[in-house]
Amino acid sequence: MHVSRLGAASLALIMAFCAPNLFAGGGDDAGSGITRSPSPHGAAVGFDGLANGDTVATPFTVHFRVEGMDIAPAGTEQANSGHHHLLIDMDELPDPNLPLPASEQLIHFGGGQTETELTLPAGEHTLQLVFADHRHVPHDPIVKSDRITITVTSSAAP
Ligand SMILES: [Cu+2]
């Protein structure tokens, strides 16, 4: 009896802590109980004017496109909206159930920007876009572009 009473108490504690995250439909909690914002059918992101296999001279401007959703700055909670994230030379996506971490390889455009100028070392690089909500958490289903490979040269071809 002692064991089962302990078990019941633990379960009640777990439910008390998890329930708000499971049912609040949002919030700032970055824990495992996070609820991802839904994306509408047909939502897509991609690069405008840059395709897999392209060669570009550094620095170059990358243009982001989104279809079926709206751009909203980070921190602004609004249905069917989010902001762009550019992943540079990342072979794997971060856990989509958590806010995307920021790094030199994962750039947030929380101001709602739709383009950026990149300066990259000469050579092959991969680029990928991931859209995410006001908390930087990718939508469900995730809205991401193909990962494209481009060749960067140090100066414009003559
Ligand atoms: Cu972000």
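State all residues of the range 92-119 that are closer than 18 Å to A51 by Cα, assigned to a loop (DSSP other than H, G, I, E, B) and in contact with a Phe, Trp or Tyr (Cβ under 8 Å, 6 or more places away or on another chain); if no residue qualifies, say none.
Within the range 92-119, T114 is the sole residue that qualifies.
Check the range 146-157 and report whether any residue there is under 24 Å from A74 (Cβ atoms), assigned to a strand (DSSP E or B), within 14 Å of the chain's Cα centre (by Cα) and more than 16 Å from the ligand (Cβ to nearest atom).
Among the residues of the range 146-157, not one is under 24 Å from A74 (Cβ atoms), assigned to a strand (DSSP E or B), within 14 Å of the chain's Cα centre (by Cα) and more than 16 Å from the ligand (Cβ to nearest atom), which makes the answer no.
If I ask for residues that are under 13 Å from the mean Cα position of the chain (by Cα) and away from the ligand (no atom under 12 Å from the Cβ), which ones from the range 82-94 would you list?
Listed by number, the residues that qualify are I88, M90, E92, L93.
So the check is Cβ under 6 Å with 6+ separation or different chains; which pairs have a first residue in the range 100-123 that's within 16 Å of the ligand (Cβ to nearest atom) and a second one that's of a type in the set (F, W, Y)?
Listed pairs, sorted by first residue: T114/F64.
Name the strands (runs of 3 or more DSSP E) wholly within the range 33-85 that hold at least 3 residues that are surrounded by 15 or more Cβ atoms within 10 Å (Cβ to Cβ) and at pLDDT 95 or above?
Strands (runs of 3 or more DSSP E) meeting the threshold: 44-48, 60-67.
The values are calculated or read from the model by the stated rules, or taken from the named source; none is laboratory data. Just so you know, these numbers come straight off a predicted model, no measurement behind them. Counting neighbours? That spans all protein chains shown, and the Cβs are built from the backbone with ideal geometry, glycine included.
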